[in-house]
Amino acid sequence: MFRRERSIPLRGSAAALCNNLSVLQLPACNLMHYAVVHGPSAQLLSAAPEGVPLAQRQFHAKEGAGVSPPLITQVHWCVLPFRVLLVLTSHRGIQMYESDGSIMVYWHALDSGDTSSVQAVFARGIAASGHFICVGTWTGRVLVFDIPAKGPNIVLSEELAGHQTPVTDIATEPAQGQDSVADMVTADDSGLLCVWRSGSEFTLLTRIPGFGIPCPSVQLWQGIIAAGYGNGQVRLYEATTGTLHVQINAHARAICALDLAPEAGKLLSAAEDTFVHIWKLSRSPESGYIEVEHCHGECISDTQVCGARFCDPTGSSFAVTGYDLAEILRYSSV
Amino acid sequence: MSVRTLPLLFLNLGGEMLYILDQRLRAQNIPGDKARKDEWTEVDRKRVLNDIISTMFNRKFMEELFKPQELYSKKALRTVYNRLAHASIMRLNQASMDKLYDLMTMAFKYQVLLCPRPKDVLLVTFNHLDAIKGFIQDSPTILQQVDETFRQLTETYGTLSAGEFQLIRQTLLIFFQDLHIRTMQLFLQENIVPNPLAKEELNFLARLMGGMEIKKPSGPEPGFRLNLFTTDEEEEHAALSRPEELSYEIINIQAMQDQQRKEELARIMGEFEIAEQPRQSSSKGDDLLAMMDEL
């Protein structure tokens, strides 16, 4: 059972984008940080555990060439071995800040190059993998940035080709230490998933074809890929082989966000049907097959949910954002 | 965001506008033989709808609209509909025009929100076009224009992927973000303080964008005024009590025949420093507005 906690007010309402909430918990100082995209701006705020807002900061997409103020597509914290960076993607490029948003350490402008004027140019999909930060683009290419332990000396080290349509989301998990173990998944608008192994050069291990429906959100946990699709389905695949193990008709409308609580193996799915569901992932000890159990469903009435995240690694609390809603809704288990 | 959103936005809002005007004109309908000179008849209603629809679906206009481009600013779009609504003998006061625009916008926002799949926005657009065809059944030339637009829509959007439609839907929702107008309760108790300089600025901008041949209204409007409210008093009250943050700041086009006003403008202009770029929003939709002037 979950109960509704005190909401955190936002300066601007949340935009109707997917994965529109990022949460950073710094246990050392017992603060929660939230980041939400409003449109041409994004808001970063920190709050005490009970939800009392403490500080907030607004960001705008860096201008670059173009007529109107550029829109931000996503904002996300990347936790690296020696530092945490806040990454912002927009229709102009990629901005990286120190975790509190105080200093911009890097700007990468997107090069529209040969793109016909009919296509929208943007970056979308952000994840940290070891000491790399990977960001997706509208062409399907994934940019890999090498991040030093400190300072602004960030370098674009690789461009991964695997997708033909705009990237939607990227998920990573710490490498398990063995060889040829998948530790990154990228998803795109056609529903295609690419599975990678990170390293000084990233290797494409396998591709999981889509079925014509976008995959806006993807997660990776212990070799299990959880993918949410535009038709409301959640599918669980074996990462190394790409085999489909479980298919859940989880939602009545498009899924907009997935999140994972790694300590408990809990998966959170949120969709435009106003529902948030929590599932428990596991593997059968005999067959090794992926199993899933439904734990909880929460109806966020009259809200077109656009972002949802667990607020702690055991999955005992979560936060939700909705289109046109100027607050972050919070729930915790009783 | 998506550079293919404008035609859908324009056609759907236009469709909503026509529904509302048709309804309102019918409500104020007077049988032809009994009507006085200044009252609406069935013939007048059809004429108004025909005029607006043929302006909306003008070939050059549509060609321009379907070019890949970013959405217009809210102000520019509002101005386009203001002109469209006045493409015929019908006249709307500010309050009625505001109410019309509020109803149009909220209705379409609601429809976009309710779409189960992003591709359904295209179906909503076809619905609007079907209804528009119903209004102009007796006019083969205009019917042809609308059919041509149907064809163009199918050609442009028929092959788009689900992912591209999702981007279009997101673009539309970002455009409508934070618009919460209670369309049933438009009476609010706040004073509006007029800013004369702002009005002059807007008039000046209008001149720069290309004057339109509108006869300067002198005294009572000749005949055909449409009221979106049930009585004139309500309309007046709505105009006075519209809160500042909901004002659309549409660009009022008026023929510059007033000598005093010309001098005033020249004085203001002299005080402007041309140091910065013209407002971005005035460049967007410029060509389209200029084109409308020639219609």
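General remarks:
- Working note: Karplus 6.51/-1.76/1.60 with θ = phi - 60° gives region A:183-194 the couplings 10, 8, 10, 10, 10, 9, 5, 8, x, 6, 10, 10 Hz, where Gly and Pro are set to x.
- Size descriptor, Kirkwood hydrodynamic radius, that averages inverse alpha-carbon separations across region A:178-334, Å: 15.9 Å
- What the Cα convex hull of region A:1-104 gives, in volume per residue, is 124 Å³.
- Other residues with beta-carbon under 12 Å from the beta-carbon of A:Trp196 carry, at +1 per Lys or Arg and -1 per Asp or Glu, a net charge of -2.
- Amide H contacts under 5 Å for A:Cys295: A:Ile278, A:Trp279, A:Lys280, restricted to partners 5 or more places along the chain or on a different chain, H placed in the peptide plane at 1.01 Å from N.
- Taking amide H positions as modeled 1.01 Å from N, with prolines and chain starts lacking one, the residues under 5 Å from A:Gly322 and 5 or more places away or on another chain are A:Ala14, A:Cys306, A:Glu327.
- Largest GNM mean-square fluctuation across A:Val167, A:Val36, A:Val181, computed for chain A with C-alpha springs under 10 Å, falls on A:Val181.
- The mean number of partner chain beta-carbon atoms within 10 angstrom of a residue's beta-carbon across peptide A:118-124 is 4.
- Relative contact order (percent, whole number), region A:234-334, Cα cutoff 8 Å, 6+ residue spacing: 21 percent
- Distance cut-off 17 Å, percentage of C-alpha pairs in region A:92-154 lying past it: 44 percent
- Hydrodynamic radius of region A:275-334 per Kirkwood, over alpha carbon pairs, in Å: 13.1 Å
- At R0 = 41 Å, FRET efficiency that the Cβ-Cβ distance of A:Glu63 and B:Phe150 yields, to 0.05: 0.60
- Lys, Arg +1 and Asp, Glu -1 on Cβ, resulting dipole of region A:1-144 about Cα centre, debye, nearest 20: 280 debye
- For A:Val105, nonlocal amide neighbours, meaning residues 5 or more places apart or on other chains whose placed amide H falls under 5 Å from its own, are A:Met96, A:Tyr97, A:Glu98.
- Shown here is the pair-distance distribution of region B:1-144: with all Cα-Cα distances grouped in 5 Å bins from zero up to the longest one, the shares run 2, 9, 18, 22, 21, 15, 8, 4, 2, 1, 0 percent.
- Karplus (6.51, -1.76, 1.60) ³J(HN,Hα), θ = phi - 60°, over region B:229-243, in Hz, Gly and Pro reported as x: 9, 7, 9, 5, 5, 4, 4, 4, 5, 5, 5, 6, 9, 6, x
- If you look at the Cα atoms of chain A, you get an Rg and a Dmax of 18.5, 60 Å.
- The trypsin sites (Lys or Arg not before Pro) of region B:42-111 include none that meets both conditions, a loop assignment by DSSP and at most 11 other Cβ atoms within 10 Å of the site Cβ.
- The residues packed around A:Arg283, meaning those with a beta-carbon under 12 Å from its beta-carbon, carry a net charge of -2 if Lys and Arg are +1 and Asp and Glu are -1.
Each value in this text was obtained by applying a stated rule to the coordinates, not by laboratory testing. Everything numeric in this text was worked out from a predicted model, so none of it was measured. Using ideal geometry, Cβ is built from the backbone for each residue, glycine included, and neighbour counts are taken over all protein chains shown.
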